[in-house]
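Okay, structure first, notes after.
The values are calculated or read from the model by the stated rules, or taken from the named source; none is laboratory data. What you see is a predicted model; the values in this text were computed from it and never measured. Note: ideal-geometry Cβ built from the backbone for every residue, glycine included; neighbour counts use all protein chains shown. We work out accessible area using only protein heavy atoms, side chains counted, and drop any ligands, DNA or RNA first. Shrake-Rupley method; radii C 1.70, N 1.55, O 1.52, S 1.80 Å.
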Amino acid sequence: MAGISFSQENDFPKLAGPYLGQEPPDKTPIIFAPGIVSTDSDFELGITISPDGKEILFTRRLEGTKQNRIYYMKYENGYWLKPQLSPFSDGNRESEANFSPDGKTIFFNSRRPLPANITTNNQMNVWFVQKEDGVWKESKVLGPPVSDMKPMFVTQAKDGTIYFTGNIDRGIYKAEYRAGEYAQPERLPDEINGRNWAGHPFIDPDEKFILFDSNIDQEGTKNLYISFGNEQGSWSPSININKYIDFPKHAAIPHITFDGEYLFFSSEGDIYWICAKIIEDLKPKK
């Protein structure tokens, strides 16, 4: 994958500036980059933006297919390049990428073939790819003990701890990073996992709060929730954000930009964004 570059097609608009040059939202969510990221014909979800703001990844399901793919946009020579398949794509189904806080690692779900030493029978596994000298290198699977939990959707804190959806016993887990490897995953407490089908955790890099989604009905409609951490390592009872903010009925797969400015989420095939100051508004007062 070394040396991969993306050409700017003549019919693609010249997009300059942060966040594709889009008009930023206030405290009412709006669709992000309509016609560019969020399209009428395809189904988009699960966006992540690099800490320097110069790379964007999102999942797209092309019209008439059931095959999710991760698409990639890069800011180069003063403009954003047209969405293309990610530099680590291998033709297999993949989805829901997330940047690490240092921008040097991307975690993502993939159904690509597993190496021989991974024996889990789960078809979807978490893989990661790392950047060296400005180039995204070969993807590797996130092995045991994390892979034993049938994980999906990993986000990472600054100290290397990862948070993810586990599907052996459905819920949100964390695994600390110690001496170059991940410790046995721990299931988060009922303040978070007491919600129905909790998943898609986005951890604040300093672990001050965690965002996730949860089913609110039997049809799988999801709302966004937030729980705040404290210095003792415990979590506040989770708050349903949809009850305080005028979100679409279905809201899932949260992502806070690393500059702390915006909250992104997915709803019915589109990606929305809103000013992240709503987080401070929801924080319990001392």
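Determine the per residue accessible area of the chain with all protein chains present and a 1.4 angstrom probe, expressed in square angstrom.
Averaged over the residues of the chain, the accessible area is 48 Å².
So, with a 1.4 angstrom probe, what is the percent of accessible area on the chain that is carbon and sulfur?
Working: 6230 of 13750 Å².
So the carbon and sulfur contribution to the accessible surface is 45 percent.
Restricting the count to DSSP beta bridges whose residues both fall in the range 20-102, what percent are antiparallel, rounded to a multiple of 5?
Given both bridge residues lie in the range 20-102, the antiparallel proportion sits at roughly 95 percent.
Based on the alpha-carbon gyration tensor of the range 147-196, what equivalent-ellipsoid semi-axes (square roots of 5 times the eigenvalues) come out, in whole Å, largest first?
Semi-axes (√(5λ), whole Å): 19, 12, 9.
May I ask you to work out the translational diffusion coefficient for the range 99-211 at 25 °C, viscosity 0.890 mPa s, via Stokes-Einstein with Rh from the Kirkwood sum over Cα pairs, reported in whole µm²/s? Walk me through the intermediate numbers first.
Details: Rh = 14.4 Å.
Reported coefficient: 170 µm²/s.
Beta carbons within 10 angstrom, averaged per residue: use that to sort the peptides 14-20, 238-244, highest first.
Descending packing order for the listed peptides: 238-244, 14-20.
When the Karplus curve 6.51 cos²θ - 1.76 cosθ + 1.60 is applied with θ = phi - 60°, which whole-Hz ³J(HN,Hα) does each residue of the range 209-223 get, with x for Gly and Pro?
Ordered by residue, 3J(HN,Hα) equals 7, 9, 9, 7, 10, 8, 6, 10, 8, 6, 7, x, 5, 10, 10 Hz.
So what J values fall out for the range 104-109 if you push phi through Karplus, 6.51 cos²θ - 1.76 cosθ + 1.60 with θ = phi - 60°, rounded to Hz, Gly and Pro as x?
Per-residue couplings from phi come out as 9, 9, 10, 9, 7, 8 Hz.
Sorting check: for 168-176, 94-102, which peptide has the highest mean count of neighbouring beta carbons within 10 Å, and how do the rest follow?
94-102, 168-176
Would you mind checking which residues have amide H under 5 Å from residue 251's amide H? H placed 1.01 Å from N; only 5 or more apart, or other chain.
Answer set, sorted by chain and number: 222, 223, 224.
Once phi is turned into ³J(HN,Hα) by the Karplus curve 6.51 cos²θ - 1.76 cosθ + 1.60 with θ = phi - 60°, what whole-Hz value does each residue of the range 200-205 show in order, with x for glycine and proline?
With coefficients 6.51, -1.76 and 1.60, one gets 6, x, 10, 9, 4, x Hz.
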